[in-house]
Structure formats: C-alpha cells, structure tokens
C-alpha cells in the first residue's frame, strides 16, 4: 500500500518521505506473519496522525541535507565514486548537513530515503546518527550518537552518546541482536512470530524513553544561535564540482538575512584547459614532424601552445591567491598586490618555510620563465620585427613559435604541477586532487564533456564516513555565520 502514503502526504501537506518515516517510527503499521514483518501503510489513516501532536521525534530512518539541490548532491556522490576532482561542497558541514533548524529547501538522502526505497529502519539508529524533529515552526535535525566499538566483541560496532544513557543504548543493542537471531534457533513459525511481536513491543518501550530525551534536548537547544548556523530560506544554486558555498548574514533593511554565497575555484578549470591545449599542440606538432605542410599546422601549434602557457600562468596566480585567502587571510590585501613571482617566494616564507623555493633552481626557474612568457611575450606583446630563431628539425622559425610550441606548453603544465606540489609538500598540506597523477584525474583532464549517471547507485554503501568523504566537506573556523 505504498501509494496510500502519497494520499496521506497530500492530506497532511507533508513530503511523502517524511510521512513514511513518521509512520515507521510511531504508528501500528506492521503485520506479523510467521518470521516476516510486513510494513503495511494501508493500516494507517489521517486520524492516526492527528491522534498525537507535534513535535514528532524520528529517531532513525532519515538523513536530511539542505541548501543543496538533488542534482548537485547526486553529482557529488557519483563523481566521488569514480574519483573526479572536486573542491569542498561547503565551508562548514552544518551548511549542508543540518545541525539544528533545517532550511526549507531540504532533501532526504536519495540513496536511502527516496520514495522508491522501503525499509524498516526502527531496529537500528540512523545512518547519520541523527534524530529528526518535526515541530510547529519547521524541521530540526540533531546529532544524537556516534559510532563506538563494543568492548565485549571488537568485531561489532554500536553507538556511544552524550544524550542517551549507556543502559538505553545497550537495551537497543540487545533488541537488535535478538531480532537478528530470529529463525536461527530452530523455533517454529508460531514461536518466531511471537518473538518478533515481543521484540517490537520492547523496541517501542525503549523508543518512548529515547524520544522523550531527544525532545528535552530539542526544546533546550532549538532557540540557540548555533541552531541556525546552516539555516536560510534562500533557494540553493546549481553548483559545479569546483564550487564551494557558505552562508553569511547580510543586512536587509533593519534586520539581517542569511544568504548563500559561492566561491568558485578557477585554478582547476585553467589547469584542465591548459592540459588539453598542450595535448592539442603536441598532436599538431607530431603531424608537422611527420611531414604535414607547415604554415597552417604551425599556426595551430602556436595557438594551442599560447593558450596552454597563458592558462598555466593564470592557474598558478589563481592558486596562490586562494592559498593566501585560506592560510594568510589577515595579510591577503598586502600580498595580493605583489608581483606573482614574489608571492610564491613570500607565502611559504611567512609560513616558516623560506627555503621552499630557491631562485636559480627548479621548479622556480621554470616558473619564472613561464611568467616571462605570459607577461612579456604574450599578454604585453610588442609588434616588433625580430630575427628568426632555430627550432629543432623545423629550422628557422619566428620568435613567437620558438616560445609557443608543444615542448614549452608541456613544460608549462609540468611547472604548474611541480610548483603546487612543492608548496604543499614543504608546508605539510595535502595535494589538491586535480594535480595528482592517477587514472581518474587523467581521464578528467582528457575528457571534453563531464557527465555523471543520475540514476541511484544500487551498490552505494550507506556508511556515513564514506558519504562525507565523497562530499568533500571540511570545517574551517570562521565568522561566516
């Protein structure tokens, strides 16, 4: 009777996924048939919902996200599974995983809580160890447990909590284990049904106590400022894998309004474009070396190489500016006005690694040459007559071709990787995913159009740390809220 839940949702003016979760948590929706427990939504009426009042406490079964569209969420998960480079989705975790009040634009975990997914989640605690509260003024979500190893059996994992007592968690564990043993001890069908009915009776008894605990916590914390850190009424934008958002307070008349701001990381875009341009330059050059008529291919090699050189320099400039914002924010206004080569020497020096780059050695000298090409020979090109220059098997060529050629375009891309790698290695920071050399990144660099399958993955693991890893979210202390 799954279609019945849609009718209930329409009558109650609630999302179907929320109606299903409330039914599973509160209402007599189960039919016991031997060793089977069948959830029958047809057993529930609108009057059943109205027989108890808000707040509704849902201990498990829901994982809510907010301020992110379904398309962006799915793209993040699926792109993470195949290893595509991406930046952090949000500056703080609460901006997309609610801890307190949930924004109006929210969605349940599409892997576990979509309208097509069914499950009796009541026997375990929630995927993200959250409790969801439907109150008169909106939906709230609270962290109630974390994972913990069971000392008596290190092969298993249960929960620890600052909210629930150890006895409550152990009783929940006992019920869960008893449920798993049904059918393993040679009981008759009738005896198994009796055991299941008793298990669910015990489960409801412990849930009554735990819901009361969550309600007390909710009423104590719902009006605190930190409960609204991730809350906004603004509709979420469609973000790429290279966009990160934050929520900030903006003055709106006599009050302040929480709004979404987006930081786009252009350096991976520049790097990918530079890499593809360098590959194009090499393909053209290979054709020239194989005997193609020179004039047109040479012009194409110059074009692709110029693109690669300019974008490589732009990538390094964008990267160091972003690095300064993240790690030297107080000095940013001063450093950003400096010449590019000076920035790359000064930034690691301020952070305690003055010997990170040494002028006269690599990769800094390649970087210096790259900046000269971009600034002196391309961006500020002077229309002068210059003597031809020798270039390999081609003989004498224009000075522009001696700069904008396949070899130098590949050197430019290599310089980007080496400069960023050396900076992060010296300072003990992780390397950005987009400069790493592996199959996933190489495929990303080579591809012309990035798409992901919008279908839900049937093999997706429901493990919370895995989901968090794929979403690429870190917490950075800030005053953004």
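Please treat every number below as a calculation from the coordinates, not as lab data. Predicted, not measured: the structure shown is a model, and the values here were computed from it. Note that each Cβ is placed from the backbone with ideal geometry, even for glycine, and that neighbours are counted across all protein chains shown.
Taking every DSSP helix (H) stretch of at least 4 residues in the chain, weighting each as -39,500 (n - 2.57) and dividing the sum by the residue count yields a mean residue ellipticity at 222 nm of -14000 deg cm²/dmol.
If you wrap the stretch 1-228 in the convex hull of its Cα atoms and look at it from every side, the mean projected area works out to 14.5 nm². Over the stretch 1-228, Cα pairs under 8 Å with separation of 6+ residues give a relative contact order of 22 percent.
Can you sort 381, 140, 26 by how many other beta carbons sit within 10 Å, fewest first?
381, 26, 140
DSSP assigns beta bridges within the chain; of those with both partners inside it, close to 95 percent run antiparallel. Between helix 189-221 and the chain there is an angle of about 60 degrees, using the helix long axis and the longest principal axis of the Cα atoms. Put in order of Cβ neighbour count within 10 Å, fewest first, the listed residues 323, 429 become 429, 323.
Both radii are taken from the alpha-carbon atoms of the stretch 369-439; with Rh as the Kirkwood radius, Rg/Rh is 1.13. Put simply, the chain fits an ellipsoid with semi-axes of 57, 25, 21 Å; these come from the alpha carbon gyration tensor as the roots of five times its eigenvalues, largest first.
Taking the C-alpha atoms only, the angle from helix 295-327 to the longest principal axis of the chain is near 50 degrees.
What angle, in degrees between 0 and 90 and rounded to the nearest 10, separates the Cα long axis of helix 340-350 from the longest principal axis of the Cα atoms of the chain? Once rounded, one gets 50 degrees. Calculated on the Cα set of the stretch 266-438, radius of gyration then Dmax: 17.3, 56 Å.
If you sort the three axes of the alpha carbon gyration tensor as a ≥ b ≥ c, you get a/c of 1.5 or more for the stretch 197-257 and a/b no higher than b/c, which makes it oblate. Our summary gives the chain a relative contact order of 19 percent, counting only alpha carbon pairs under 8 angstrom and 6 or more residues apart. Our summary of shape: the Cα atoms of the stretch 5-124 have principal axis extents of 49, 33, 24 Å, ordered from largest down, in whole angstrom.
By the Kirkwood approach, averaging reciprocal distances over each pair of separate Cα atoms, the stretch 217-361 gets a hydrodynamic radius of 19.7 Å.
By count of other Cβ within 10 Å, fewest leading, how are 241, 351 ordered?
351, 241
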